[in-house]
1. Examine the stretch 5-21 for a residue that is touching a helix residue (DSSP H, G or I) at 6+ places or on another chain (Cβ under 7 Å), outside any helix (DSSP H, G or I) and hydrophobic (A, V, I, L, M, F, W, C), and state whether such a residue exists.
2. Any residue at all in the stretch 284-295 that's outside any helix (DSSP H, G or I) and surrounded by 15 or more Cβ atoms within 10 Å (Cβ to Cβ)?
3. Modelled with pLDDT under 90 and within 23 Å of Phe46 (Cβ to Cβ), is that true of Met195?
4. Pairs needed: first member in the stretch 130-144, without any contact (Cβ under 8 Å) to a residue 40 or more places away in the chain; second member anywhere, crowded, with 19+ Cβ neighbours inside 10 Å and assigned to a helix (DSSP H, G or I); C-beta distance under 7 Å; at least 6 residues apart or different chains.
5. Can you find a residue that is within 13 Å of the chain's Cα centre (by Cα), farther than 18 Å from Ala105 by Cα and part of a helix (DSSP H, G or I) anywhere in the stretch 255-269?
6. Out of Gly55, Gly65, Gly50, Gly32, report the one residue that is touching a residue at least 60 places away in the same chain (Cβ under 8 Å), at positive phi and not β-branched (Val, Ile, Thr).
7. Are any residues in the stretch 55-79 part of a loop (DSSP other than H, G, I, E, B) and closer than 11 Å to Gly114 by Cα, and if so, which ones?
Amino acid sequence: MAFLIVLIAVFLAMNVGANNAAAEMEAAYRTGARTRKEALTLIAVFVILGAIISGLPVLKTLSEGLVPVRTFKSVFYVVFVVMAVAAAFDFISNIFKVSIPTTYAIVSSFAAVGIYFECLNTERFVDILVWWFISPIAAFGVAFIAGKVLNFKPVSYFRFLKEGPKVKMALGALLTFSGCFVAFAGGANGVGKAMAPIVAAGFTDNSWALLLGGAGIAAGALIFGKGALEKDEREMGEIGFVRAIMIELICATALFVAAINGIPLSVSVTVAASLTGLGCADLGIMQSLKKHHFTRTVLIWVIVPFSSSIMTYFLLRLLRFILK
């Protein structure tokens, strides 16, 4: 039984890797800075490094910071409920090709467990909600300012330099670096989302969880990342070298700072907010919001945590009734 549960957690980690692959290396791949094989290999290497080196704070927040460990250990079916809810949202995201912030679903599922058993660490949960509110606004603002700076005539005058092979090579190297930084930060921030339930339930310790989770994220990127690189709708690779580098640095910085503070953030939300900010600087606010389906996107961001909480709470009540 323990082996099966750990295997499911690794599978969830693979979904994290598959979903994040486009955000991490799509720009480097589509601009020709890296081949598909190189892009996926770099993702695999850096997500493992990020998980092992910097993944512990988020893992601890989710495995013991929101809900006491005793809850998972004393009520055996809690771990199944949380993992089932996470798997459901991953399934919806992959089948319907919708960018769903699965981070919101997983964290909200943990919160619902705490509410159900009346043991939620409200202070820590509020910290996470504040980060969720502020981080996309900050990413939007920084990207908007960066876009305005790039549109200044003195700056835009130097665009012709990109035509030179040496400059293009240097920008490609910077784009590869920024993509690796996103992969590292994504591994640090994402490993806890998949592995926290089994750590809380006592099926493995933190060290093994980080290693297995990192390997799972890397495997997901290698096996399923090809499709994400080819079909992603966020157009990261179509905004040019300099803009893509800025967007990736903004996203990676936000994810990494959150990770070392133990805050799980959504890669898709951070990327979407940054791209929208850049679009507003380039195209104007209304046209950019329309292009990036801003209303629909924000609606999804709001619906997902509520849906996850309700689903978790309902499943806990149902299982408690059945297993009386």
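The values are calculated or read from the model by the stated rules, or taken from the named source; none is laboratory data. None of these values were measured; they are calculated from a predicted model. Counting neighbours? That spans all protein chains shown, and the Cβs are built from the backbone with ideal geometry, glycine included.
1. Scanning the stretch 5-21, I find no residue that is touching a helix residue (DSSP H, G or I) at 6+ places or on another chain (Cβ under 7 Å), outside any helix (DSSP H, G or I) and hydrophobic (A, V, I, L, M, F, W, C), so the answer is no.
2. yes
3. no
4. none
5. Yes.
6. Sole residue among the options that is touching a residue at least 60 places away in the same chain (Cβ under 8 Å), at positive phi and not β-branched (Val, Ile, Thr): Gly32.
7. Passing the criteria: Leu66, Val67, Pro68.
Conditions tested, residue by residue: (1) buried (at least 20 other Cβ atoms within 10 Å of the Cβ); (2) out of contact with any Gly (no Cβ under 7 Å at 6 or more places or on another chain); (3) assigned to a helix (DSSP H, G or I).
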position	(1), (2), (3)
Ala39	yes, yes, yes
Gly50	yes, no, yes
Val81	yes, yes, yes
Asp90	yes, yes, yes
Ser99	yes, yes, no
Ala111	yes, yes, yes
Ala138	no, yes, yes
Ala146	yes, yes, yes
